[in-house]
Every structure is written in C-alpha cells, then in structure tokens.
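Before any comments, here is the structure.
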Amino acid sequence: MDLPYEGEHCEEIRNRNIQEAKIHIKVSKDKLPFIIKAFESFYYHHNPMKRSLVLIMDFAENGSLEDFKGMKKELSRNLFIQAVQGVQALHYHGVYHLDLKVTFTF
C-alpha cells in the first residue's frame, strides 16, 4: 500500500497499517491454525514523496480462495471450515478482522 508522507489522515492510516502488521506478526508467532505466517514489516521508499509498507509473509503456493472458482463441494466445505477455524483462533486471541474477502483467504 502506498503511503503519502503528508497530512493528519495519512498519519492515522500509517499508524493503523503499522498496528495491523504488528498484530499479524504477533499472531504468526503464536502459530495459530489456518493463519498465513508474517515475519516482518518495513517501509520501502519509492521516491521522496511515496513509501509503501511491506509485509514479509509465507508464500501461499496455491494462491487465494479466489483462484478456486468452480471447486467441488467437498473441497469448498473443507476450505470454509478452515477459514472459520482461522477466524475463531483470531477471535480467541482478541483479534477481529473487519475486512474479510475471498482475495484475503489463502
């Protein structure tokens, strides 16, 4: 995500993104089931006016759930159960994901 340097709103977004990355890294250390692992985060500077927050994560070799369109019912059921178990594990640790999407499900 590109993050501009200026403005109060930008600072709020930057802080929220940093907090999200820290939570993901902490949860990864807890080795929760069905949660892709994150290892570290840092800023990458594109140019003097732009930078991006980079999150180093495990490689999801099978892609995202979006790549499984037209899957068989049994596979769909198993993947749904795994997603629910992952969300349940996050909730148990006090983490609530407010933006779940198929593209975020690996």
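For the stretch 21-68, a tally of residues being part of a helix (DSSP H, G or I) and free of Cβ contacts under 8 Å to residues at least 40 places away in the same chain returns 10. Quick one: is Met71 at pLDDT 80 or above, farther than 18 Å from Leu98 by Cβ and over 19 Å from the mean Cα position of the chain (by Cα)? In short, yes. Screening Ser76 with (1) over 22 Å from Glu20 (Cα atoms); (2) surrounded by fewer than 10 Cβ atoms within 10 Å (Cβ to Cβ); (3) hydroxyl-bearing (Ser, Thr, Tyr) gives one miss only, at (2).
A quick yes/no check of all residues on (1) in contact with a helix residue (DSSP H, G or I) (Cβ under 8 Å, 6 or more places away or on another chain); (2) of a type in the set (D, E, K, R); (3) modelled with pLDDT under 85:
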{"position": "Leu3", "(1), (2), (3)": "yes, no, yes"}
{"position": "Ile13", "(1), (2), (3)": "no, no, yes"}
{"position": "Gln19", "(1), (2), (3)": "no, no, no"}
{"position": "Pro33", "(1), (2), (3)": "yes, no, yes"}
{"position": "Pro48", "(1), (2), (3)": "no, no, yes"}
{"position": "Gly63", "(1), (2), (3)": "no, no, yes"}
{"position": "Glu66", "(1), (2), (3)": "yes, yes, yes"}
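The values are calculated or read from the model by the stated rules, or taken from the named source; none is laboratory data. Note that the coordinates shown come from a computational prediction; the quantities given were computed from them, not determined experimentally. Here Cβ is always computed from backbone atoms with ideal geometry, including for glycine, and neighbour counts include all displayed protein chains.
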